[in-house]
Amino acid sequence: MEIYILSQIITVLYYGILSLSYLLKDRNKILTANFVAHIGQTSAMAMLNGYTGAAMSAIMMARDLILLIQEKQKAKGKTINERFDVAVLIITIALVIVLTIFTYNGLLSLLSVVATLITTFALWQKDVKRYKILGVVAGILWLAYNIFINSIMGIILEIILVISSIIGCIKEFKKSK
C-alpha cells in the first residue's frame, strides 16, 4: 500500500508539470517540462506494474532530451543533420516496438504505446499547434491507460491534463487569428 501511495504522490507531481507544458509557448520549455515529467511518470508507472507505460515514458524521456539538445544546437546557429533526425526517429520507433514486445500485458497496455507514438509524431513536426492538438488525443489514451493500471490520481489528473491541453489549443488558435 505504501508503494501505491508513493506512486500517487509522484503522479500528482508529474501531471502538474505535464499540464504546465500544454500552456507553454516555447518549444524548449515544453521539451524541458516533458523531460522532467517523464522521469516521474516512468517511476510511478513501474510502481503500479504498468511496465509498458513505464517503458514508453522512458522512451519519451530520451526522445525529449534528444529534441532539446537539437533545439539548443539550432539556437547556436548549427544546422541539424536531417539524416540524424530520421535515424533518431527510426531508433525511437524501434525501441517502442522492442519494449512493447517485452512489456506487453494485453491489448489495453497498447494504449500507452499509441499515445507515445502520437506525441513523438507531434514533437517531430516541431509545430507547437500540432503538438497541442495531438496532446488532447494522447491524453485521452493515457487516461484509458491509467484506468487500466488503476491509478486513481492518474485518472483524475489526466482529465485535468486533457482540459489543460484543450485550453492550450484554444489559446493557440486565438493567437493565430
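The values are calculated or read from the model by the stated rules, or taken from the named source; none is laboratory data. Since the structure is predicted, the reported quantities are computational estimates derived from the model, not experimental observations. All Cβ positions, even for glycine, are placed from backbone atoms using ideal geometry, and neighbour counts span all protein chains on display.
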Per the list (1) free of Cβ contacts under 8 Å to residues at least 40 places away in the same chain; (2) within 15 Å of the chain's Cα centre (by Cα), residue check on Gln73 breaks on (2)
>> With the structure loaded, tell me whether Leu68 is closer than 15 Å to Ile30 by Cα, within 15 Å of the chain's Cα centre (by Cα) and surrounded by 15 or more Cβ atoms within 10 Å (Cβ to Cβ) or whether it fails that test.
In response: yes
Here the residues within region 120-141 that are farther than 21 Å from Glu82 by Cβ and without any contact (Cβ under 8 Å) to a residue 60 or more places away in the chain are Lys129, Ile133, Leu134, Val136, Val137, Ala138, Gly139, Ile140, Leu141
Picked from region 12-33 (must be at pLDDT 85 or above and of a type in the set (S, T, N, Q)), the residue farthest from Leu143 (Cα to Cα) is Asn28
- Query: Does Phe121 satisfy being surrounded by 15 or more Cβ atoms within 10 Å (Cβ to Cβ), out of contact with any helix residue (DSSP H, G or I) (no Cβ under 6 Å at 6 or more places or on another chain), at pLDDT below 85 and assigned to a helix (DSSP H, G or I)?
  - Reply: yes
Considering only region 50-60, I want to know if a residue exists there that is touching a residue at least 12 places away in the same chain (Cβ under 8 Å) and surrounded by fewer than 17 Cβ atoms within 10 Å (Cβ to Cβ).
no
Expected single match for out of contact with any Lys or Arg (no Cβ under 7 Å at 6 or more places or on another chain) and either within 25 Å of Leu6 (Cα to Cα) or crowded, with 18+ Cβ neighbours inside 10 Å (or both) among Ile170, Ile155, Ile166 is Ile155
Checked against (1) over 15 Å from the mean Cα position of the chain (by Cα); (2) modelled with pLDDT under 85, Ser165 satisfies every condition except (1)
| message | It is to be established whether one or more residues within region 60-81 are among the hydroxyl-bearing types (Ser, Thr, Tyr), farther than 22 Å from Cys169 by Cβ and modelled with pLDDT under 85. | response | yes
